[in-house]
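A.B. asks: Here you go, one structure.
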Amino acid sequence: MFVHVETRKRSQWQWATVLIVSVCVLCFVWLALLPNQQRLAALQEWGTVPANIFDARAPIWPQLTDPSLLRLFTALFIHVTWLHLLSNLLFLMIFGLPGERALGSLRFLLLFVVGGVVANLIGAVSLAGVRLPIIGCSGAVSAVVGTYVALFPRARLGLVLPLGLYLEFVRVPAFLLIGIWVLLQLLFSYAGPSYGAYVWWAHIGGFLFGLVFALFSREAIAKRLRH
């Protein structure tokens, strides 16, 4: 499934990752400035609350036309704790910047948004009846990771790490970084975020969506990289 072609240096500005990070940070600051009760109300209003979207006793498919499904999208940009925000944005930058160069900004934004919505939908279905909101872009980041690994399974990503008194540029295998990502998600699942529900199925669904996205997009991506 992987793609490997020689690429030329491209001068186009890659804007999608920067846009996503900016919106997430602005939403985080907005929530942080709200009084506690208003913050909780905002999470219920804009987060994905499974009990407010799906009735576990009714058929699922007719409920998929409900306008409240917009929360599957808005929840992607909501983070309450700085650790949750930084961990998501760090791995979004690590995999998103090189991924966006390969996919193009519009296709990358489509991957992030649709993958995140699908991940939240899977999470909401798996927790039908739960009144805690599903928040954060972890499912969308999982989709980005899934696509990147499918396209570039042997890739080594460049990182700048503080080593002693100096900053050192190192190349790290993508699968090692994915292992760190999984460990961080395990940490969140056991420690639990301060607000909201934690949904493993959203992460799994996002990753699988990323694999499928790569499968159906690889020819277009390879063609783009050749030009």
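A.B. asks: Look at residue 86 and say whether it is surrounded by fewer than 22 Cβ atoms within 10 Å (Cβ to Cβ), out of contact with any helix residue (DSSP H, G or I) (no Cβ under 8 Å at 6 or more places or on another chain) and either at positive phi or modelled with pLDDT of 90 or more (or both).
C.D. replies: When the stated conditions are applied, residue 86 passes them.
Conditions tested, residue by residue: (1) part of a helix (DSSP H, G or I); (2) within 14 Å of the chain's Cα centre (by Cα); (3) not polar (S, T, N, Q).
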| site | (1), (2), (3) |
| --- | --- |
| 76 | yes, yes, yes |
| 80 | no, no, yes |
| 114 | yes, yes, yes |
| 125 | yes, no, yes |
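A.B. asks: Go through (1) within 30 Å of residue 172 (Cβ to Cβ); (2) at pLDDT 90 or above; (3) within 15 Å of the chain's Cα centre (by Cα) and name the single condition residue 28 misses.
C.D. replies: (3)
A.B. asks: Out of the helices (runs of 4 or more DSSP H) lying entirely within region 132-227, which hold 3 or more residues that are modelled with pLDDT under 80, in contact with a helix residue (DSSP H, G or I) (Cβ under 7 Å, 6 or more places away or on another chain) and not hydroxyl-bearing (Ser, Thr, Tyr)?
C.D. replies: 174-191, 200-226
A.B. asks: Would you confirm whether any residue within region 47-65 is modelled with pLDDT of 90 or more, in a helix (DSSP H, G or I) and in contact with a Pro (Cβ under 6 Å, 6 or more places away or on another chain)?
C.D. replies: no
The values are calculated or read from the model by the stated rules, or taken from the named source; none is laboratory data. Owing to the predicted nature of the structure, the values given are computational and were not obtained by experimental measurement. When we count neighbours, we look across all protein chains shown, and the Cβ atoms used for this are built from the backbone with ideal geometry, even at glycine.
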